[in-house]
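Heads up, the thing below is written out as structure tokens.
Nothing in this text is a laboratory measurement; each read-out follows from the coordinates by a stated rule. Because the structure is a prediction, the values reported are computed rather than measured. So basically every Cβ, Gly included, is an ideal-geometry build from the backbone, and we count neighbours across all protein chains shown.
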Amino acid sequence: MQTLISPSLLAADFTNLKADIEMVNNSQADWFHLDIMDGVFVPNISYGLPIVEQINKIAKKPLDVHLMIIDPDRYVEAFKKAGADILTVHYEACTHLHRTVQNIHNKGMKAGVSLNPHTPVSVLEEIISDIDLVLLMSVNPGFGGQSFIENTYEKVEKLAQLIKEKNASVIIEIDGGVNLETGKKLIEAGANALVAGSFVFGANDPSKTISNLKNL
Ligand code: DX5
Ligand code: ZN
């Protein structure tokens, strides 16, 4: 399977968002990665539902929405209405994760679970067969442009092993500090999807950078 590429709009030019969305539409990217931060679960605030709705009007690829918010159940329906196709919540933010996953599926979206760098993949043992995607954070969530945490490669391998053992069908997506070098090693370790923010939007040729990631 070719790697799925999900450019993170957090690093886009918000004064000219339309141009960046069209660039992604016309690129080899597979999804749009949208980072929602509440200033509580993570020490930063990004953008919210009205912006997602606007993005959805012109985005021609699925919206891969990463919720870095506490108690995400409150907003599952609202993000569905705003256009989310994949809704990823943090393991660390959900007391009743199984119920949250059911809620996401009942609303007709793919369900993802994200793990912070310090959270072991073993916590997913009892839920891995019920989810569509795992988003491993390879930086501490909250900001773009941080450097990659090397321990992630080992986590990818462990997760791939867990998925195999359980005979599950789950996408392994990685978020934070992804570039051509880390991306290549992540794919070798078993990753299926890569999020990239500053590496794509900070490049001279973002569309070419997306295809370079896609064809690693
Ligand atoms: C960080 C976000 C990431 C961020 C990645 O909390 O979840 O999606 O946009 O940015 P880069 O690719 O610049 O590390
Ligand atoms: Zn993200």
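The value given for the chain is a Kirkwood hydrodynamic radius of 17.0 Å, derived from the mean inverse Cα-Cα separation. Under Stokes-Einstein, with the Kirkwood radius over Cα pairs as Rh, the value for the range 119-159 at 37 °C and 0.692 mPa s is 284 µm²/s. Here's the picture: charge each Lys and Arg Cβ at +1 and each Asp and Glu Cβ at -1 in the range 4-214, and of Asn56, His105, Ser8 the one pushed furthest to the positive end of that dipole is Asn56. Residue by residue, the range 139-152 carries 3J(HN,Hα) couplings of 9, 6, x, x, 9, x, x, 8, 8, 5, 8, 4, 4, 4 Hz when phi is fed to the Karplus relation 6.51 cos²θ - 1.76 cosθ + 1.60 (θ = phi - 60°); x denotes Gly or Pro. What pairs from Lys61/Lys164; Lys61/Lys208; Lys107/Lys164; Lys81/Lys208; Lys60/Lys164; Lys110/Lys184 go past 24 Å between their alpha carbons? Result: Lys61/Lys164; Lys107/Lys164; Lys81/Lys208; Lys60/Lys164; Lys110/Lys184 exceed 24 Å. Here the range 163-216 is treated as a sphere whose radius is the Kirkwood value from Cα pairs; by Stokes-Einstein at 37 °C and 0.692 mPa s it diffuses with a coefficient of 276 µm²/s. Over the chain, Cα pairs under 8 Å with separation of 6+ residues give a relative contact order of 23 percent.
Of the beta bridges in the chain, as assigned by DSSP with both residues counted there, near 5 percent are antiparallel.
Put in line by how crowded their Cβ is, counting other Cβ atoms within 10 Å and starting with the fewest, His33, His96 read His96, His33. Panel order for Ile36, Ile69, by other beta carbons found within 10 Å of each beta carbon, from fewest to most: Ile69, Ile36.
Here the range 92-148 is treated with +1 on each Lys and Arg Cβ and -1 on each Asp and Glu Cβ, and its dipole about the Cα centre works out to around 220 debye. Here the convex hull built on the C-alpha positions of the range 100-216 has a volume of 114 cubic angstrom per residue. Where does the charge balance sit around Leu133 when Lys and Arg score +1, Asp and Glu -1, over other residues with C-beta under 10 Å from its C-beta? Net of charged neighbours comes to -2.
Largest mean-square fluctuation among Val52, Val42, Val65, in a Gaussian network model of the chain whose springs join Cα atoms under 10 Å apart, belongs to Val42. Taken about its Cα centre, the range 4-214 carries a charge dipole of roughly 440 debye when the Cβ of each Lys and Arg holds +1 and the Cβ of each Asp and Glu holds -1. Would you mind pulling out the separation of the Cα centroids of the range 42-75 and the range 109-185, in Å? Result: 20 Å between the Cα centres.
In terms of other Cβ atoms within 10 Å, Met137, Met1 run from fewest to most in the order Met1, Met137. Taking a ≥ b ≥ c as the square roots of the eigenvalues of the alpha carbon gyration tensor, the range 82-136 is prolate, as a/c is not under 1.5 and a/b beats b/c. Each of Phe79, Gly183, Ser27 was scored by the projection of its Cα onto the charge dipole of the chain, and the greatest displacement toward the positive side belongs to Ser27; charges sit on the C-beta of Lys, Arg, Asp and Glu.
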